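Notes for the one structure printed next.
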Amino acid sequence: MMSRVVRLLGALPVAAAALLPITAAAIPIPSPSLAQVLLPAPSGYTEVGASAPFHGQFNSQVYAAGWGPKAADAQKALDENGFVDAYGRVLVNQLDKHGLIEYVVAFAGGNGARSWLSYTEASDKLDPTFRHADTMSGIDPYFGQHRVYPSHNVADAFDFVKGNDYFVIGFQSTRDDVLALATSRAKSQFDSAPGSTIPSAQWPENASTTPSDTPAFDVGRLLGEVAILAVVFGVIAAIVFQVMRSRRTATAAAGPAWAQLDPSRDAAVPAAAVAAIPVQMSPDGAFWWDGQTWRDAQHEVPPAAQRSDDGAFWWDGQKWRAVS
């Protein structure tokens, strides 16, 4: 799975103006750059690099691909809302078993950024891993979410808008212990970010336009969508678990690596839960994501999926499936 992600990201164009619905001359350039907008990495966290989704600068096609079968719809919404540029990174704290995804997306104006926030909030609430909204003060507008995955990993994330920029700050852990981290990091990022990266005088809504020039947000398009954070956090979990596996001792009696690092816990996660890489399934369970495309779950078994002892079944995150 990771090798496919690496190949995908290695082939991405970082300048795809010809594919966008506006001319190159009309594309504003964020200032300061989005790479300068993100806060420095927290202490103890190491950037995963090119093996992670949304690594460095990425375009709207890469971003929309996170919606899987609904990528075309997400691409349309990004174009309508005036996507300009994006920059992100994934970091891992090996000692605490925490993953951090953070990225910023610049839109041509504040209306586009807020419309995209509404789009992603409606989509995220439809995902089966969504449990409840997280709340905080000092940020507006924003959306917070608490997720629990079939692997029992827990994630807390905040999406918010400042000026023309849309931010995502999310932590994932093997335990329910990252809400305070996500809240603090999101507030710090909001406070440190500039008022905008594109001057408000240049925003489309502040120019002389007709009502038909303003993009509309259609909630009905979101039905059945795969939330983008589910895809991102699924990859984070795979990265974290691969790190865990590399640190395990040669003898099974030693137990999972994270249990050795944290002996104060009463019980360790089963070795199978640590060794198995989570499989990203479509909402209807008919397909699984290989890092580049959706594959038929009835005819192809994910190479990294957990298997039963007799090899006759594989685990899709919620149920055992027969190996065809």
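The values are calculated or read from the model by the stated rules, or taken from the named source; none is laboratory data. Source: prediction; values computed, not measured. Ideal geometry is used to build each Cβ from the backbone, glycine not excepted, and the neighbour counts take in all protein chains shown.
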Quiz item: Is it fair to say residue 126 is crowded, with 22+ Cβ neighbours inside 10 Å and among the aliphatic types (A, V, I, L, M)?
Solution: no
Practice problem: Quick one: in region 43-55, of everything that is crowded, with 16+ Cβ neighbours inside 10 Å and in contact with a helix residue (DSSP H, G or I) (Cβ under 8 Å, 6 or more places away or on another chain), which residue is farthest from residue 182 (Cα to Cα)? | Solution: 51
Quiz item: When you scan region 46-71, how many residues do you find that are under 28 Å from residue 196 (Cβ atoms), touching a Gly at 6+ places or on another chain (Cβ under 9 Å) and either part of a loop (DSSP other than H, G, I, E, B) or not assigned by TED's automatic domain parsing to the domain that holds residue 191 (or both)?
Solution: 4
Practice problem: Report yes if residue 134 is closer than 13 Å to residue 185 by Cβ, assigned to a loop (DSSP other than H, G, I, E, B), assigned by TED's automatic domain parsing to the domain that holds residue 34 and among the acidic types (Asp, Glu), otherwise no. | Solution: yes
Quiz item: Residues of region 156-196 being in a strand (DSSP E or B) and among the hydrophobic types (A, V, I, L, M, F, W, C), which ones?
Solution: 157, 158, 160, 161, 167, 168, 169, 171
Quiz item: Any residue at all in region 76-84 that is outside the structural domain of residue 280 (by TED's automatic domain parsing), part of a strand (DSSP E or B) and modelled with pLDDT of 95 or more?
Solution: yes
Quiz item: Between residues in region 162-186 that are assigned by TED's automatic domain parsing to the domain that holds residue 149 and more than 14 Å from residue 90 (Cβ to Cβ) and residues that are modelled with pLDDT of 95 or more and surrounded by fewer than 19 Cβ atoms within 10 Å (Cβ to Cβ), which pairs lie under 6 Å by C-beta distance while being six or more apart or on different chains?
Solution: 163/195; 183/136
Quiz item: Could you list, in sequence order, the residues of region 137-149 that are part of a loop (DSSP other than H, G, I, E, B) and within 17 Å of the chain's Cα centre (by Cα)?
Solution: 149
